[in-house]
């Protein structure tokens, strides 16, 4: 043996449970704080919005945003083999969260699950995108465990779409639409949003309550709801939201209100003739929310 040659080890695959004992308590929190590792494999920069977010009777593992155009990303985790129950939950989350990108992570995917993801990509149009990602942990000898994300399924034109979006200055068609709308709001009500913003949600923090008022733009209207501080789970914030709900119901003159204080103004957002009324509604309604949060004794 040539003594000048370096000793080379062998890459070995370890058990996922050696790295993360529990899916919800260990893997989800770790991934939420290390989204850059996943994002580098997907080709997008991710920023955490929330973990364990309520969607009907279920909880979405991780909800993130893309830094490119602030599109919402749904990430569902499994430390076991992919199964159809999680696929059904993903589709329910997709509707409830208005997510555009769905990332399904599991220890492994059989052909039926990969085919389901391919079908979704083949039968939806941009900006919707579905990913199947296999997660592994590896080591060389006694080295620390290292996570590996392997993208098994993605939209056929995904890499080209990402490059084209970056070439256009980092905004998709949807991002440009959002920027135009929020610029209109900023011109009419400068206190609501900074010019040039292109996200779907605008947040106003009310320090006295430790809560944020979220203004959002959707396909069929605009809305407002309450949430915790950046990165805080909905469970952590819900106990602080609850004391304000009855006063909000009274202030907004509604018979019922959801557990996040959601209210919605339904209109056709693509018709720019509606933008004045949408901007005014958001401004007036936000002031009402802020008044309740500042004045209600908890």
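The values are calculated or read from the model by the stated rules, or taken from the named source; none is laboratory data. Not measured: the values here are computed from a predicted model. So basically every Cβ, Gly included, is an ideal-geometry build from the backbone, and we count neighbours across all protein chains shown.
Some notes on this structure:
- Top-ranked residue in the stretch 41-65 [being outside any strand (DSSP E or B) and modelled with pLDDT of 85 or more; ranked as farthest from residue 96 (Cα to Cα)]: 41
- Some residue of the stretch 55-63 being surrounded by 14 or more Cβ atoms within 10 Å (Cβ to Cβ), under 16 Å from residue 146 (Cα atoms) and touching a strand residue (DSSP E or B) at 6+ places or on another chain (Cβ under 6 Å): no
- Answer from 74, 79 - the residue that is touching a helix residue (DSSP H, G or I) at 6+ places or on another chain (Cβ under 8 Å), modelled with pLDDT of 90 or more, part of a loop (DSSP other than H, G, I, E, B) and in the same structural domain as residue 23 (by TED's automatic domain parsing): 79
- Within the option set 139, 107, 114, being free of Cβ contacts under 8 Å to residues at least 40 places away in the same chain and more than 21 Å from the chain's Cα centre (by Cα) holds for one residue only, 114.
- Filter pass, residue 31 being within 15 Å of the chain's Cα centre (by Cα) and modelled with pLDDT of 85 or more: yes
- Single residue of the stretch 96-123 satisfying the filter (over 25 Å from residue 57 (Cβ atoms) and modelled with pLDDT under 90) that is surrounded by the most Cβ atoms within 10 Å (Cβ to Cβ): 121
Residues are listed down the side, and each one gets a yes or a no for (1) under 19 Å from the mean Cα position of the chain (by Cα); (2) loosely packed, with under 15 Cβ neighbours inside 10 Å; (3) outside the structural domain of residue 96 (by TED's automatic domain parsing); (4) more than 30 Å from residue 29 (Cα to Cα):
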{"position": "220", "(1), (2), (3), (4)": "no, yes, yes, yes"}
{"position": "242", "(1), (2), (3), (4)": "no, yes, yes, no"}
{"position": "257", "(1), (2), (3), (4)": "no, no, yes, yes"}
{"position": "269", "(1), (2), (3), (4)": "no, no, yes, yes"}
{"position": "277", "(1), (2), (3), (4)": "no, yes, yes, yes"}
{"position": "280", "(1), (2), (3), (4)": "no, yes, yes, yes"}
